[in-house]
Amino acid sequence: MSEEGLAVIGVTACNQQLGLHPFNIVGEKYLLSIVEAMKGWPLMIPALGDCPADTVLSCLDGIMFTGSPSNIEPHHYDGPPSDAGTHHDPKRDATTLPLLKAAIDAGVPVLAICRGFQEMNVVYGGSLHQKLHEVGQYIEHREDPTTPLDVQYGLAHEIQLDSEGLLYQAWGKKFAEVNSVHTQGVDRLGAGLRPEAYAPDGLVEAFSVKEAKSFALGVQFHPEWKVLDNPFYRTIFSEFNKACQQRAALRARQSK
């Protein structure tokens, strides 16, 4: 903690070409969700490939694995080649996949959102549907990109929470409404992951890591979007924040 009660949360970036130059970028909504819902401070983790995980994690009270316009390269989960034109970010894959496992193994609290959720599934040996809308058994999970952002990220469908899961224990209700802004989704669930919530079509929308030393939750939806306006989203960030505060207090004691 740099200041009393201020948790420092790592936030994964994407590597993206803007004009002639490569940039590392993070959506502001992720940064603001940490500041507004957790009263913490975000630190960007660049997608540069190899990451000194031990050094990076020793400086953090938690880590958020963000969503992204890009998809994980399918060779990481033995999937078929992507269609031509699919947006990939190999430097992000090379950074986040090993970092995510290292964070959970080290007991660093993790909240993984959308692409981060998919990264967590792949790290634990799971696979992905690359295009849910072509599988034939799922509802439409994509947003309409021609509509305003408030519509794209508006509540889209209900999820059912597993009564044995940490989300249910925190929320206290069997159902919640979430947004739906994704094309890919879980095919085979990774080993050691416990489903926390399902969409009406049976798609896994949230899971946790069974043997994690600390908070380790992945969600397919976007709770960072206007988090203060949605009680369910606030609950997720509250639980994440509790774990981050515990780690922050531990780090403070160890530094004395």
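For this structure, a couple of remarks:
- Of all residues in the stretch 197-218, those being over 19 Å from I63 (Cβ atoms) and either surrounded by 16 or more Cβ atoms within 10 Å (Cβ to Cβ) or modelled with pLDDT under 95 (or both) number 6.
- Strands (runs of 3 or more DSSP E) lying entirely in the stretch 20-90 (those with 1 or more residues that are open to solvent by 40 Å² or more (accessible area, probe 1.4 Å)): 21-25, 41-45
- Test: residue in the stretch 186-193 that is under 15 Å from the mean Cα position of the chain (by Cα) and open to solvent by 40 Å² or more (accessible area, probe 1.4 Å): no
The values are calculated or read from the model by the stated rules, or taken from the named source; none is laboratory data. These figures come from a predicted structure and were not determined experimentally. Heads up, the Cβs are rebuilt from the backbone with ideal geometry, glycines too, and the neighbour counts pull from every protein chain shown. Accessible surface is based on the protein model in full, side chains and every heavy atom, while ligands, DNA and RNA are left aside. Shrake-Rupley method; radii C 1.70, N 1.55, O 1.52, S 1.80 Å.
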